[in-house]
Amino acid sequence: MKRSGARLVIDALLAEKVEIVFGFPGGVVIPVFNALYGERGLRLVLARHEQGAVHAADGYARSTGRVGVCLVTSGPGATNTVTGLATANFDSVPLVVLTGQVTRNMIGNDAFQEADIVGISRSVTKHNYLVTNRADLGRVIREAFYIARSGRPGPVLVDMPKDVLIEESSEPLPESVSIRGYNPVSKGHPLQIRKAAQALAKSRKPLFYLGGGLHIAAAAEAFRRVEEVVDVPAVSSLMGIGILPSTHPRLLGMVGMHGTFAANTAVQNCDLLFAIGTRFDDRATGDIAKFAPHASVVHVDIDPASISRNVAVEIPIVGDARLVLEDLLPHVSRPAHEQWVAETEEWMRTHPLGQIGGNGRLSPTVVIQAISAAFPDAIVTTEVGQHQMWTALYYSFTQPRSFLTSGGLGTMGYGFPAAIGAQLGNPHRRVIDIAGDGSIQMNIQELATAVSEGVPVIVAILNNGFLGMVRQWQEVFYERRYSGVCLERTRRCPPDCAQPDENCPPYTPDFVKLAEAYGAAGFRVTEIREIAPALQEARRITDRPIFIDFRIEREANVWPMVPAGAGIHEMMNA
């Protein structure tokens, strides 16, 4: 039986058990949207911008562990996905992004809404395809899903010319996928695993370093079983937050540029660093030459290219983190490390995280801790900036896949559409986007998507009137020369303004009125006593999104802080 290429696309998505397609239509993908019309097995979520669609699919994928799917048109529709693709690629998120393309005979002729998206996206995808033969379409889509979710996951783009989508053929969907030369390893080498266990047993100052790969591999439970046996202190990367509960007695906190004193100091003093599912990126390591100077390194990662790329590794283990940890468990025992544990506990006791800000306005840490107490089991997304770091440090996470943030690319505008995707993928949990007043405006148009889909995402805007992280750097390293960071600035402000005061212009926009204009709920909080009632009201609303505009202290900073080029032990404090 013959079917169009567009119908084959829908059948392929159904075969992959896709639930939701995030998309935005355009001329060359009308055949696919036409095939979607009336389809009961797939839910189409109409984003208001293609970047928002990709971030929403990303949030869906990170929170559920399933492949996120996008469908957009050619030219600007396709190029608008690039930031979302790069975000997902950095953080190893499985996506399949389907883009339309002009007809095959027009490719290369500068046709209307033509763009070489395969060439443009090559560096920001795990793999990509241009389908030039209708007979290949089903195979390519099945391969795209397999590549996206296997090995080190990542985004795969499939570019589909319009005439391929219209052409009818009787080729069936392949039942299985076999790609020559692509055979990712999942089981770790037994000898290397035993070596790692022996190194752990002999160590006097062992330290686990938890990365985002543990979430990707669904390895949190496997790691917790290992930790119960060995009772070893642990630090987390930004992406590894939630593998251990934030209150776990052996968790020293996040490591890196804004890491805790205990976490950074432990890395610099350990004799064995047992790293799982992390890339050792520069924000975590600081100056590589000064990083973990006394430690032998065990590194478990599904991607062999990540091992010894940034940090020299003595015991490499290539494999799926969950399978490696399950194989490691029978070989581990508790090392003789009582003095080391006592030392790390003392660092935690003498250098706790303190409250930040205040000065007559809301402290951002008080707001985040109140949200954490009110919604202890929520899925939390963030944008990028000071609020992201405050959330990482002060929100108490209890479960894996509950903290979704752009770690590698640092994409402002990620959190809100990602929260929409996470809420659609997890309808029985509350989802909260903790945002900055600058970054929330990057994809504010997705408020229409959230309202139309009836998702009760809570957006907590930590509004300080600044692009806060850049302002902090300008304060600390550039003599308070606040250039291009004040969101209250107008043309009437002096060019050398260095500090906000009572004469500052009113803030634009009014987030409460903006939310109401879209059909969402909006509240403003300016005092501590207003926090609890606002959160209680937000909890009550379950049929539409909620914006809460928290007017926090304007020049609160993120502490600790490691200057660029320094070692992670060279921390600055307020």
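Tell me, yes or no, whether region 505-515 has at least one residue that is in the same structural domain as residue 386 (by TED's automatic domain parsing), at positive phi, at pLDDT 95 or above and part of a loop (DSSP other than H, G, I, E, B). Scanning region 505-515, I find no residue that is in the same structural domain as residue 386 (by TED's automatic domain parsing), at positive phi, at pLDDT 95 or above and part of a loop (DSSP other than H, G, I, E, B), so the answer is no.
Of the candidates 40, 66, the single residue that is in a loop (DSSP other than H, G, I, E, B), in contact with a Phe, Trp or Tyr (Cβ under 8 Å, 6 or more places away or on another chain) and at negative phi is 66.
Could you please let me know if residue 164 is touching a Lys or Arg at 6+ places or on another chain (Cβ under 9 Å), within 21 Å of residue 21 (Cβ to Cβ) and surrounded by 15 or more Cβ atoms within 10 Å (Cβ to Cβ)? Yes; evaluated as a whole, the condition is true for this residue. Just to check your reading of the model, which residue among 185, 177, 140 is outside the structural domain of residue 242 (by TED's automatic domain parsing) and farther than 30 Å from residue 73 by Cα? Criteria check complete, one pass: 185.
Within region 520-567, the set of residues being within 25 Å of the chain's Cα centre (by Cα) and of a type in the set (Ser, Thr, Tyr) comprises just one member, 542.
Considering only residues in region 523-547 that are basic (Lys, Arg) and out of contact with any helix residue (DSSP H, G or I) (no Cβ under 8 Å at 6 or more places or on another chain), the one that is nearest to residue 370 (Cα to Cα) turns out to be 529. Residue count for region 72-93, restricted to those that are part of a loop (DSSP other than H, G, I, E, B) and polar (S, T, N, Q): 5. Across region 564-574, the qualifying residues are those that are at pLDDT 95 or above and outside any strand (DSSP E or B), and the one among them that is farthest from residue 352 (Cα to Cα) is 566.
Sub-8 Å Cβ pairs linking a first residue in region 1-30 that is free of Cβ contacts under 8 Å to residues at least 40 places away in the same chain and under 19 Å from residue 176 (Cα atoms) to a second residue that is part of a loop (DSSP other than H, G, I, E, B) and of a type in the set (A, V, I, L, M), at least 6 apart or interchain, are 10/42; 14/42, ordered by first then second residue. Whether a residue is farther than 19 Å from residue 53 by Cα, more than 17 Å from the chain's Cα centre (by Cα), outside the structural domain of residue 279 (by TED's automatic domain parsing) and at pLDDT 95 or above was assessed, and residue 401 does not pass this test. Say whether the condition of being more than 25 Å from residue 2 (Cα to Cα) and part of a helix (DSSP H, G or I) is met by at least one residue in region 94-117. Yes, region 94-117 contains a residue that is more than 25 Å from residue 2 (Cα to Cα) and part of a helix (DSSP H, G or I). Within region 227-250, residues that are closer than 21 Å to residue 334 by Cβ sit with their Cβ atoms under 6 Å from residues that are among the charged types (D, E, K, R), at 6+ positions apart or across chains, in these pairs: 230/334; 231/334; 233/250; 234/250.
Taking the condition surrounded by 14 or more Cβ atoms within 10 Å (Cβ to Cβ) and part of a loop (DSSP other than H, G, I, E, B), does residue 555 pass? Considered against the rule, which asks whether it is surrounded by 14 or more Cβ atoms within 10 Å (Cβ to Cβ) and part of a loop (DSSP other than H, G, I, E, B), residue 555 comes out as yes. Scanning region 258-308 for residues that are of a type in the set (Gly, Ala, Ser) and not in a helix (DSSP H, G or I) gives 259, 275, 277, 286, 292, 295, 296, 308. Scanning region 443-490 for residues that are touching a residue at least 40 places away in the same chain (Cβ under 8 Å), farther than 26 Å from residue 540 by Cβ and assigned to a loop (DSSP other than H, G, I, E, B) gives 445, 464, 465, 467, 487.
How many residues are in a loop (DSSP other than H, G, I, E, B) and either surrounded by fewer than 23 Cβ atoms within 10 Å (Cβ to Cβ) or over 21 Å from the mean Cα position of the chain (by Cα) (or both) when one looks only at region 229-257? Qualifying residue count for the region: 10. A single entry from 504, 493 fulfils the requirement of being surrounded by fewer than 24 Cβ atoms within 10 Å (Cβ to Cβ), in contact (Cβ under 8 Å) with a residue 24 or more places away in the chain and over 28 Å from the mean Cα position of the chain (by Cα): 504.
Note on region 420-462: residues that are more than 15 Å from residue 405 (Cβ to Cβ) and either of a type in the set (Ser, Thr, Tyr) or outside the structural domain of residue 522 (by TED's automatic domain parsing) (or both) total 2.
The values are calculated or read from the model by the stated rules, or taken from the named source; none is laboratory data. Everything numeric here is computed off the predicted structure, so don't read it as measured data. Glycine also receives a Cβ, built like all others from the backbone with ideal geometry; neighbour counts cover every protein chain displayed.
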